[in-house]
1. Of the residues that make up the range 14-37, is at least one in contact with a helix residue (DSSP H, G or I) (Cβ under 9 Å, 6 or more places away or on another chain) and modelled with pLDDT of 95 or more?
2. Among the residues of the range 37-53, which ones are within 17 Å of K83 (Cβ to Cβ) and of a type outside the set (K, R)?
3. List pairs: first in the range 17-38 and of a type in the set (K, R), second surrounded by 13 or more Cβ atoms within 10 Å (Cβ to Cβ), Cβ under 8 Å, 6+ apart or cross-chain?
4. Look at the range 7-31 and say how many of its residues are more than 16 Å from P66 (Cα to Cα) and loosely packed, with under 14 Cβ neighbours inside 10 Å.
5. Mind listing just one residue for me: the one in the range 40-93 that is free of Cβ contacts under 8 Å to residues at least 40 places away in the same chain and charged (D, E, K, R) and, of those, farthest from P24 (Cα to Cα)?
Amino acid sequence: MPTINDVTVQKPSDEQTQTAQTWPIWECGVSKFDWEYTQTEKCLILEGKVEITGDPETAQSVTIGPGDYVTFPSGLKCFWDIKEPIRKHYDFE
């Protein structure tokens, strides 16, 4: 089963940015919720700040924000803590 360590965060290439701009946009205000990925998701963060935590026993987390290109693996169970309203392009494989 994937863990928070399997989430990749990088600065996108020009090609990745151009492709992401054709994807739908998802927005969410400040909130907290559990999430399980049933498919791999790629997203480009446009606005906001989110701390994503995996297994609460290990307290491992990743923080994402504007300009980050993030890949969440299928099967990942995590907790989203949206610190600043988020706006992102997203695509599920």
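1. First pass over the range 14-37, keeping only residues in contact with a helix residue (DSSP H, G or I) (Cβ under 9 Å, 6 or more places away or on another chain): none.
Scanning the range 14-37, I find no residue that is in contact with a helix residue (DSSP H, G or I) (Cβ under 9 Å, 6 or more places away or on another chain) and modelled with pLDDT of 95 or more, so the answer is no.
2. Taking the range 37-53 and keeping what is within 17 Å of K83 (Cβ to Cβ), we get 43, 45-53.
Within the range 37-53, C43, I45, L46, E47, G48, V50, E51, I52, T53 qualify.
3. Listed pairs, sorted by first residue: K32/F79; K32/W80; K32/D81; K32/I82.
4. Residues in the range 7-31 being more than 16 Å from P66 (Cα to Cα) and loosely packed, with under 14 Cβ neighbours inside 10 Å: 4 in total.
5. Across the range 40-93, the extreme among qualifying residues is E57.
The values are calculated or read from the model by the stated rules, or taken from the named source; none is laboratory data. What you see is a predicted model; the values in this text were computed from it and never measured. With ideal geometry, Cβ positions are generated from the backbone for all residues, glycine too; neighbour counts draw on all protein chains shown.
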